[in-house]
Amino acid sequence: MFLKKIKNKNKGSMMVEIIIATSIITVFVLVSLSVAQKAITVSRRAVHTAEASFLLEEGAESIKIFRDSNTTWTNFTNLFNTSSTYCMPSTISSWTSVLSTSSPCTKIGIFTRVVNVANVNRDTISSDIVSSGGVDDPGTKLITITVSWPESGSTINKVLRFYINNIFP
């Protein structure tokens, strides 16, 4: 009888060990899946950020080529209304029709790329660019290119701002 009690006691502890082992394995698998899911999300965001950076760079180069291909700075600046947002198409067949104010903008995959042009003011004494005051510099424009895309239920924006000058006076 004493041996039966020992055997029964071992059976119960064996069951507890199996339950604990199964719980540990389940927690390990769930944590591994969670880490894998986060890694995929971070990887996808990194890829999208890199693609957006390339689109920003392409947009900046397009603006420069667009400026260089116009016969005069006046022709270039007359095409832009500083209160409008311009869309850049995904394929550019003619540099003279790069920008349009059509709405909504053509998507490049999941990305939307828009361009804003702003006048630039300079300090009358130092000729430095100032955010307020100063006098208008007709030979310089502030270009802002924004690339946006949806990511995990929100919209991500990457912005590139640069000045473009009249290099052919």
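Since every read-out is calculated from the coordinates, none of them should be taken as a lab result. Everything numeric in this text was worked out from a predicted model, so none of it was measured. For neighbour counting, all protein chains shown are included, and Cβ atoms are generated from backbone atoms with ideal geometry for every residue, glycine included.
Give me the extension gain from residue 15 to residue 167: residue separation times 0.36 nm, minus the current Cα-Cα distance, reported in nm with one decimal. Show your work: numbers first, answer last.
On the way: separation 152, 0.36 × 152 = 54.72 nm, distance 8.23 nm.
Value of the extension gain: 46.5 nm.
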Whole Å is fine, so just give me how far the alpha carbon centre of the stretch 110-169 lies from that of the stretch 10-45. 51
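For residue 22 and residue 50, what does the FRET efficiency come to when R0 = 35 Å and r is the distance between their Cβ atoms, rounded to the nearest 0.05? Don't skip to the answer; put the middle values down first.
Working: r = 42 Å, r/R0 = 1.20.
About 0.25, to the nearest 0.05.
Most exposed first by the Cβ proxy, i.e. fewest other Cβ within 10 Å, how do 149, 73 rank? Kindly include the intermediate steps, with their values, before the conclusion.
Values: 149 21, 73 18.
Final ranking by Cβ density, sparse to dense: 73, 149.
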Separation of the residue 57 and residue 84 label points, Cα + 7 Å toward Cβ, nm: 3.0
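Based on other C-beta atoms within 10 Å, arrange 163, 86 from fewest to most. List each step's numbers first, then the result.
On the way: 163 12, 86 21.
Fewest-to-most ranking of 163, 86: 163, 86.
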